1. With every protein chain left in place, what is the accessible area of B:Tyr25 in Å² (1.4 Å probe, nearest 10)?
2. How much length, in nm to one decimal, is gained on full extension between B:Val11 and B:Ser123, taken as 0.36 nm per residue of separation minus their Cα-Cα distance?
3. Can you give the Rg/Rh ratio of region B:86-155, where Rg is from the C-alpha atoms and Rh is the Kirkwood radius?
4. Percent relative contact order of region B:97-159, based on C-alpha pairs within less than 8 angstrom and at least six residues apart?
5. Note down the nm distance, to one decimal, between modelled labels 7 Å out along Cα→Cβ at A:Ala152 and at B:Arg147.
6. What is the ratio of the Cα radius of gyration of region A:95-168 to 2.2 N^0.38 Å, with N the residue count, to two decimals?
7. Solvent-accessible area of A:His224, probe 1.4 Å, all protein chains present, reported in Å² to the nearest ten, please.
8. Can you tell me, using C-alpha contacts under 8 Å and at least 6 residues apart, the relative contact order of chain B as a whole percent?
Amino acid sequence: MEFFRPATLIDALALKSTHPTALCINGGTDVMVELNFDRKRPETLLDLSAISELSEWSDQGDSILLGAGVPYTRIYQELAKELPGLAMASRTVGSLQIRNKGGVGGNLGSASPAGDAHPPLLASGAAVNVASVNGTRAIDINEFFLGPKKNAMNSDEIITSVLIPKARGGQQYSKIGTRNAMVIAVCSFGIAIDANNKSVGTGIGSAGPTPLRAHEAESYAATHLDWVNGSTVTPEMMKEFGALVAAASRPIDDVRGTAAYRRHSLAVISGRCLKWAWTSTQDMRSK
Amino acid sequence: MRLTCTVNGKVETIDDVWPGESLLYVLRERMGLPGAKNACEQGECGSCSVHLDGILVCACLVAAGQVEGAEIKTVEGLAGATDLHPVQQAYLDAGAVQCGFCTPGLIVATVDLLEKNADPSDSEIREALAGNLCRCTGYSKILDAVRLAAVRLEGAGKH
Ligand SMILES: Cc1cc2nc3c(=O)[nH]c(=O)nc-3n(C[C@H](O)[C@H](O)[C@H](O)COP(=O)(O)OP(=O)(O)OC[C@H]3O[C@@H](n4cnc5c(N)ncnc54)[C@H](O)[C@@H]3O)c2cc1C
Ligand code: FES
Ligand code: FES
């Protein structure tokens, strides 16, 4: 096995173009499990963890540019105010040891339907920046997930960062699992309210072949929330919103839960998320 | 490949390392440091916890090639020449060790917690140790050990 540990992105891109089958590794929390269990034996490992620009984030005014390798621990320690939805999701990942190493680039690289970063990225309308020797492109998060563990990247590309709009209203993330730690979501839901545009974004995890948006639920919430007076979300709205989210999901029965349970629990948690996120939208407004 | 890294304060050079093997394998099988345990090799149990450049990680999820030039601290590096580390002593005194398989990982994780948070609440302890499984104790003595270590370290710090 060849092992490359470039110190710069330019070197990494050159290596990826001459070794398109090289397996990238950053935090290693997905890759190492595959290697330890002989599920993968790549000829080449391309270690991105020494590239400092991948493990930094920067403030771009309206958005945060989050390096692909910033670990979850830093996301919730440093960006909880700007990206509350992603910070909440990051807090639910694995255990401290996993959160210290794993990050959004690896989550997107694996593109599991259960990846916890995905619903908040869908809800806030993020863009995934990828690069190759031929240049860079931004992939709309809505076009990034193609199937279970399949994403829209070419073999010579590397994820460099994710551009995520800062919260313009309340955000929430809720995840169903058997315990509070070390849980792959049975299903999950993220919401981002945009009080400036009077719109609502959603993301459904672990209840379809890819992470999904709930478009009808989003329009329902946008037209029924009381943007003028901010009056609270009624139980009827929670129910209707939850039903529309459940209808947008495409779950299957598997070891972690049945499709019926996933639909039911999605309806419940998404209704609650709407209420909570609306409450924090009003709190933000009154400040 | 040849790997050079600092382990418990000493620069080590290890030859014939396969870059895709885990740091855990390097420590246990190539360096004779069996403190970090191998139970799951998939990040679930925490028994292989070590500090890598000051960060708590599962050694089974780090590729050997990734630790070139890094600083690693294992449970073997905690005790002094004559005394155990206060966290180790607290685990013994609280009766938090039964078969002992989980103990090294839990001790490293506890040291990590108390370095960052000298007086953790019970929920903070639970959260910090959620990635470390113990099949014997039922955890309640482990919580006792962490509280005891916190009190002793606080006391020591006040001198
Ligand atoms: C015990 C345990 C618990 C876990 N719990 C959760 C959980 O609760 N929620 C969750 O979502 N995930 C969980 N995971 C999975 C994993 O931690 C996450 O998917 C994490 O985000 C992966 O990040 P990483 O940097 O470690 O990725 P790596 O393992 O380094 O890489 C993952 C994949 O992405 C590719 N890749 C990495 N970086 C890039 C890049 N910059 N450009 C292109 N491709 C790249 C790799 O080639 C690989 O295919 C868990 C894993 C373990 C072992
Ligand atoms: S052996 Fe590494 S976490 Fe279990
Ligand atoms: S003491 Fe036996 S596993 Fe913890």
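1. Rounded to the nearest 10, that gives 110 Å².
2. Working: separation 112, 0.36 × 112 = 40.32 nm, distance 3.78 nm.
Contour length minus the Cα-Cα distance gives 36.5 nm.
3. Values: Rg = 10.6 Å, Rh = 11.6 Å.
Taking Rh as the inverse mean 1/r over Cα pairs, Rg/Rh reads 0.91.
4. On the way: 32 pairs, mean separation 27.0, N = 63.
Relative contact order of region B:97-159: 43 percent.
5. 5.3
6. Numbers: Rg = 12.4 Å, N = 74, 2.2 N^0.38 = 11.3 Å.
Relative to the rule-of-thumb radius for its length, region A:95-168 sits at 1.10.
7. 90
8. Details: 266 pairs, mean separation 37.0, N = 159.
In percent, rounded to a whole number, it is 23.
The values are calculated or read from the model by the stated rules, or taken from the named source; none is laboratory data. Every value quoted in this text rests on a predicted model; they were computed, and no experiment measured them. In this analysis, Cβ positions are derived from the backbone assuming ideal geometry, glycine residues included, and neighbour counts consider all displayed protein chains. For the accessible areas, the whole protein counts, side chains as well, though only heavy atoms, and no ligand, DNA or RNA atoms are used. Shrake-Rupley method; radii C 1.70, N 1.55, O 1.52, S 1.80 Å.
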